[in-house]
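The next block holds one structure in the form of structure tokens; read it before the comments.
The values are calculated or read from the model by the stated rules, or taken from the named source; none is laboratory data. Everything numeric here is computed off the predicted structure, so don't read it as measured data. For neighbour counting, all protein chains shown are included, and Cβ atoms are generated from backbone atoms with ideal geometry for every residue, glycine included. Please note that ligands, DNA and RNA were not included when accessible areas were found on the heavy atoms of the full protein model with its side chains. Shrake-Rupley method; radii C 1.70, N 1.55, O 1.52, S 1.80 Å.
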Amino acid sequence: MATDSLEALQQRIGAGDTRALARAASLVESQSQAGRDLIAAMFPQTGRTLIIGITGPPGAGKSTLVDQLTKELRSEGKTVGVIAVDPSSPFSHGAILGDRIRMQDHHSDPGVFIRSMATRGKLGGIAQATLEMALLLDAAGRDVVLIETVGVGQDEIEIARLADVTVLVLMPGMGDDVQAIKAGVMEIADVFAINKADLPGADRLEQEIRAMQSLADEGGRENAAPVRRVVASEGQGVRELLAVIRSAFEKRGRQNARADVWEFRLREILRDNLLEGLSDEAVSGHAKCVAAKMEDPYGAVHALRAELLAQT
Ligand SMILES: Nc1nc2c(ncn2[C@@H]2O[C@H](COP(=O)(O)OP(=O)(O)OP(=O)(O)O)[C@@H](O)[C@H]2O)c(=O)[nH]1
Ligand SMILES: [Mg+2]
């Protein structure tokens with residue numbers, strides 16, 4: 001892309017032009033250099049957006065909550081960007097499609113920009129692409145960006161941590177599932193949302209969360225992540241949840257919170273960037289050699305590094 005058109009695009013995005021934003025989103029989505037150049041150029045304008053990560057097990061009501069948070073934010077006059085990420089499954093495009101249909105209420109509203117993203121079966125990349133999309137929306141002046149990730153595996157957790165504030169959505173009746181997902185997942189939550197509080201079992205779920213928090217008990221009770229009940233399908237408790245999300249971010253101190261988040265983001269970008277420079281075949285080729293004891297692991301890493309350096 002010629003420099004002048006990149007500049008023109010930058011100006012239009014800065015002015016809040018939704019079509020320019022859609023065009024830039026495509027550049028970012030295709031992980032093109034032009035997309036990165038654009039974000040780098042617009043980076044000084046970023047940092048005003050509150051990026052909220054919404055994660056949790058399938059069916060907990062994340063999309064319904066994203067929809068309700070969007071409604072609430074729009075009623076405040078705030079502009080919103082929504083990124084729906086599916087890092088793990090190539091089969092759940094149906095879910096994302098369903099979410100899109102649900103979000104159609106907002107489709108005629110230029111104050112809501114929705115983008116869904118899925119992996120293309122490449123090593124790494126999705127965390128970086130998600131972050132780039134969030135930064136683009138930030139540069140474009142969106143007040144709040146909501147990132148919904150599906151599932152609670154390692155990949156999803158990493159993506160959730162790219163946000164300024166991470167909300168873990170749980171629902172009653174998961175029984176021992178809470179136990180199953182607690183390892184490594186509970187810690188990422190800045191805020192717990194107990195959704196479907198209209199169903200039986202919300203009390204028990206809240207007790208389980210509190211019990212886990214007191215086991216971890218890192219910074220004492222007042223530092224424990226707040227727990228809020230919502231009925232997303234009815235919009236109940238959504239305003240309160242939003243207030244809690246905002247204060248969770250403010251409480252850590254804006255600058256500190258940002259530096260913490262950026263430390264994580266930089267590691268993610270670095271890792272994705274490095275992996276991006278290598279083909280899947282190169283990595284799996286060395287893996288086969290190491291498995292067959294034809295190469296030691298450090299030799300493999302050395303060879304892969306040499307391959308990366310040769311490109312620069
Ligand atoms: N009873 C009840 N049902 C709800 C509530 N919120 C959402 N649901 C329903 O729960 C189902 C799943 O909601 P989604 O918002 O699609 O859940 P999700 O977490 O986005 O699901 P995935 O993206 O597939 O992981 C839908 O049928 C919703 O209508 C609630 O507060 N109470
Ligand atoms: Mg969903």
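A few points about this structure:
- Stretchable slack from LYS78 to LEU309, in nm (0.36 nm times residue separation minus alpha-carbon distance): 78.7 nm
- SER108 paired with ARG204, simple spin-label distance in nm, labels 7 Å along Cα-to-beta-carbon: 4.5
- Prolate/oblate/rounded label for the range 1-45 (Cα gyration tensor, a/c 1.5): rounded
- Residues ALA292 and GLN154, FRET efficiency given R0 of 30 Å [Cβ-Cβ distance, rounded to 0.05]: 0.65
- On the basis of the beta-carbon distance and an R0 of 35 Å, GLU7 and TRP262 show a calculated FRET efficiency of 0.85.
- Segments 203-215, 281-293 sorted - mean Cβ within 10 Å per residue, highest first: 203-215, 281-293
- Rounded FRET efficiency, nearest 0.05, which uses the C-beta distance separating ALA211 from LEU274 and R0 of 45 Å: 0.65
- Burial order of peptide ranges 265-272, 165-172 (average beta-carbon count within 10 Å, highest first): 165-172, 265-272
- Solvent-accessible heavy-atom area per residue, rounded to whole Å², over the range 1-45 at 1.4 Å: 55
- Protection proxy ranking of 46-52, 66-72, 142-148, 106-112 - average other beta-carbon atoms within 10 Å, highest first: 142-148, 66-72, 46-52, 106-112
- Other-chain or far-sequence residues with amide H under 5 Å of ILE54's (modelled H): ILE147, GLU148, THR149, VAL167
- Taking 7 Å steps out from each Cα toward its Cβ at SER233 and ALA40 produces label points 4.9 nm apart.
- Shape of the range 30-88, Cα gyration tensor, a/c cut at 1.5: oblate
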